[in-house]
Structures are given as C-alpha cells and as structure tokens.
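Notes for the one structure printed next.
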Amino acid sequence: MQSGSVTTLHTIDILRKKRDGRELDARELAFVAAGAANGSIQEAELAAWLMAAWLKGLSLNETRALTLAMRDSGEKFAPTRLGKQAVDKHSTGGVGDKTSLLVAPLAAACGVAVPMISGRVLGHTGGTLDKLEAIPGYRTALTLAEFETVIKKCGASIIGQTDQLAPADRKLYALRDRTATVENPGLICASILSKKLAAGLNALVLDVKTGSGAFLRKREDCEFLAALMVATAEAAGTRTVALLTDMGQPLGRAAGNWIELVESVELLRGERPAWSPETNIDLRELSLILAGWMIHLGTQAETPEAGYARAEKALMDGSALRVFLAMIEAQGGDVSVFDDPAAFHKPGATEIVAAWDSGYVAEMDTTALGWAVQRTGAGREKAGEPVDPHAGILFHARRGARVERGQPFATLYATRPELLAEPAAILKRAIHFSKTPPNAVVPLVIRVFTRDEAEEYLREKQLSASSS
Ligand code: URA
C-alpha cells in the first residue's frame, strides 16, 4: 500500500484493473516496478500481474511508462566518466545467440566503451550471464564502482541486473521465465530498455529476432517490437537502431552455456577460418554487422560498413580476444579453462543423435530446439536455481545442408542420462528433411529500423510516438 496526495494505491486494485483490460497510468506502473524492486509486492501478485499484462497487452503509453519506471527502480550508471562513447547491443533472445560475447570485445577493441547489462536464460532462449558463469570465478554481480573500473581497464564489462541496477527487471525477468509470460512486446520492451537506459548509454543496437526461434513469430509483430523499442529508447534520449535478423535456425553450432563460450573463443582466436564450411559463418557475420553498427554509433567509424571493417580487423589481429580475456580476469574468471576447453567440459551424459532420414535440412522449429536445449539441464525448472554449465546441444548440420541417414546430426550433453531422451525426441519432431534443396535463402539481416523509420512505422500503424 502507498499513500499519496491523490489516492492510495493497492496491489489488488491494479491487478483487477489490468485483468479487466483497462489501461494503467504511470503512477500505477511505477507502483508495480517499485514493488517488484523492493519486495513490497509478493511474487504471487507479480506473477498474476504479469499474466494479466500478457493476456490483455500493454498500450504504447503503458509500455513507455513501465520502461521508465523499471529504469528508475534502482540507481543509474554514469558512463560520462569513461571518456568514450558508451554503446551496447541487446538481442530479443535466440537459440545459440552468443553475439554479446563477441560484439562487446569487438567494439571495445575499436575504441567504444561497452557497459553491457545482460540477462539469463529466458523461456526457450539462452542467457549471456549463465554462459559467462560457466567460467569458474566469473562475477556477474558487480557494484557500479567495480563495473566502471572494469570498463576503464578493459573497454567492456558484462554484468547482470543487480539490487542497484534495474532491480525491477531482475525480479520480473526471473518470474517471466517461469510463468510463461515472456512473449509480449510491451514486457520485452520494458525489460530490455529499462536496463539499457539505466546504463546511461549514448547509443544502443538492438537485434530483434524473427523466424521460428523468436519470441514473436510473426514478421509484423517483430517489426512492431523493433519500432516500439527504437522509438521508446530515442524518446528517452538514447540513439538507437534495430536490426531485424533471422532466427530460423540456431545461430552458429552450439546452444548451451560452456559450449557457446568455447564457440565464441574459437571465433575470437580465428580457429575456424572463414572459408571453411565448418565455420559458424552466420555467427561471425552477424557479430561483425552488429559490432559495426556499435562502432559507427560510437563515432569510431563513418558508416556501419566502415565499422564492420574495423571490427573484422580486431577479430583477425587478436585485439578483441585480448579484451575478452582481460575482461574475464578483471571480473574474477579463470581464463586457464580456455587452454584446453575440451578437458574442462564434463557433461553428465552424452549422446550423438544420428540423422533419422536422408535429405536436405529444410524446416526447423527453432523454439522447440531451444526447449530441447533447456531440457538437457542448460535451463532452469525453478526461478533462481543454478543451470548446468556443461549441458547443451551441438548441431552438426545447418539449414540447407544435405545429410545422409545415420550420419551424426547433433550431440546432446545432459546433466544426467535420464535427461537425454526428451531433447532427442524434441529434436526429431522439430527438424524436417526435404528431398530437394530448400530454395528460399533467408537473409541474415532482414530490415533495419532507425529512429525515422521507427516513427514512420508507428505513425502508419496509427501509434504515433508523439501521441503519448
Ligand atoms: N531480453 C531481455 O532482457 N528481456 C526480454 O524480455 C527479452 C530479451
């Protein structure tokens, strides 16, 4: 309960109002965000509010107000002391999406400061923090002073929401993961932008996933989310661009925690040459494109293309790898685990799934594949419980590849032998082979939303940014 000059707010009234589909005002949403952050609203009430918001939706005004209230639920980071442009990247969530591990050091190696506040496993998608915590000793909960020290020393720091920084998102994010309330544009926008705006960024690059592995499956819903986030962040003073990118298959080969880190370090080490068919060409390409935009918005390149070229150089000359390892050490991580990554990898059970048919890999239900990854032990059953760093799935064939029945298709790593059967069964249902090669080539980047494009899009939808 909170007394104010106008009326006293009660959680139950706010729940009933949202349940009945009525619009909450900024004061009511600030009450929810503060209650999530300081624990004055119980988890059961928050979960009910999330489900009501998911079912009834959030208007543009509600989304904006919730975003700002969640941003203001804690302290703010002040990157002006870094003496560089502070730029970050955030994805709406994907399977095997490890680009944060790559773009942070790439952009930092090119002179941009990267104060990155990331998330954990969410629904069927992986979480950067859970991946980094696979490194013994790596601390994702730094104080603001420690965060600043690491960025000054290394150029980048990757941490999570804390009791200081975006605490409302810390609570709501973990609850959404366990209450099937992730896939809602307003909740996604407020979750992502609250932590990004609390970091005081000069600029932000958003990777909005579309396709079978995205939270929002329909192309128009993804476009709306991209426009919504760009317009909301710009209205709050952060220069923002959103790239709509393909999540019609896992990005790269690995989906899990430790195995995604290894794939990233291999790429930073140049251990998989770009011309090899084994290479994670999509992961390399998307990381360079996103880093190119970060470098451009961080005023270190005239154009995103020139930023791409700078990022590629930092990848090839080893400077991004040096930033990455320095950041891990500065956050308490033991980098010696990368000396022999295979020796560190100790899954409880392993199974190679052979191709169950011959043909071309045509359709993938990437959301189902993401759930398969979670069920190996890489995700959580309960909010707050630890994940298994060693669990996950390595995919040996990509969309469009020709496979012969019996050849290794994927390697499953599970916490216990009894956790192998469900992911194996999901995999077989989620992948379809065709007799002829799939003819549609899906581009990696489907559309780019700058501020003007986002505002025009919303105007066309009669959701003008200025109507709030
Ligand atoms: N990433 C976030 O931080 N929040 C979401 O809701 C989705 C992706």
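Axis angle, to the nearest 10 degrees, between helix 258-269 and the longest C-alpha principal axis of the chain: 70 degrees.
Helix 167-179 and the longest principal axis of the Cα set of the chain meet at an angle near 60°. The shape of region 323-468 comes out oblate: with a ≥ b ≥ c from the C-alpha gyration tensor, a/c is at least 1.5 while a/b does not beat b/c. When its C-alpha radius of gyration is set against 2.2 N^0.38 Å (N residues), the chain gives a value of 0.94. Around the amide H of residue 245, modelled in the peptide plane, lie the amide H atoms of 208, 209, 210, 446, all under 5 Å away and 5 or more residues distant in sequence or on another chain.
Only helices enter the 222 nm calculation for the chain: every DSSP H run of n ≥ 4 contributes -39,500 (n - 2.57), and dividing by all residues gives -13500 deg cm²/dmol, rounded to 500.
Name the shape class, rounded, prolate or oblate, that the alpha-carbon gyration tensor gives for region 98-156, where a ≥ b ≥ c are the square roots of its eigenvalues, rounded holds for a/c under 1.5, and otherwise prolate holds if a/b is larger than b/c and oblate otherwise. Intermediate results must be reported in sequence, preceding the final value.
Details: a/c = 2.11, a/b = 1.39, b/c = 1.52.
Note, shape of region 98-156 comes out oblate.
In this simple spin-label model, placing a label point 7 Å from the Cα along the Cα-to-Cβ direction at both residue 19 and residue 317 gives a separation of 6.2 nm. Under the simplified labelling scheme, the residue 425-residue 381 pair shows an inter-label distance of 1.6 nm, with each label point 7 Å from Cα along Cα→Cβ. Straight-line cross-link reach from residue 18 at under 18 Å between alpha-carbon atoms covers these lysines, not counting any fewer than eight positions away in the same chain: 56. Using the Karplus relation 6.51 cos²θ - 1.76 cosθ + 1.60 with θ = phi - 60°, the per-residue 3J(HN,Hα) values for region 398-411 come to 10, 4, x, 6, 8, 10, 10, 3, x, 7, x, 9, 7, 10 Hz, with x marking Gly and Pro. Under the convention that each Lys and Arg Cβ holds +1 and each Asp and Glu Cβ holds -1, the size of the dipole of the chain around its Cα centre is about 320 debye. Axis angle, to the nearest 10 degrees, between helix 319-330 and the longest C-alpha principal axis of the chain: 60 degrees. Cross-link partners of residue 346 among lysines, defined as those whose alpha carbon lies under 17 angstrom from its own and excluding same-chain residues fewer than eight positions apart: 131. Within straight-line reach of residue 435, meaning a Cα separation under 17 Å, there are no lysines at least 8 residues removed in sequence or on another chain. Rounded to whole numbers, the Karplus 3J(HN,Hα) couplings from phi for region 84-90 are 9, 5, 9, 9, 9, 10, 9 Hz, using 6.51 cos²θ - 1.76 cosθ + 1.60 with θ = phi - 60°, and x at Gly and Pro. For region 357-427, trypsin sites (Lys or Arg not before Pro) meeting the loop criterion (DSSP other than H, G, I, E, B) and having at most 12 other Cβ atoms within 10 Å: 382, 405.
Every number in this text was worked out from the coordinates using simple rules, so none of it is lab data. Since the structure is predicted, the reported quantities are computational estimates derived from the model, not experimental observations. All Cβ positions, glycine included, derive from the backbone under ideal geometry; neighbour counts span all protein chains shown.
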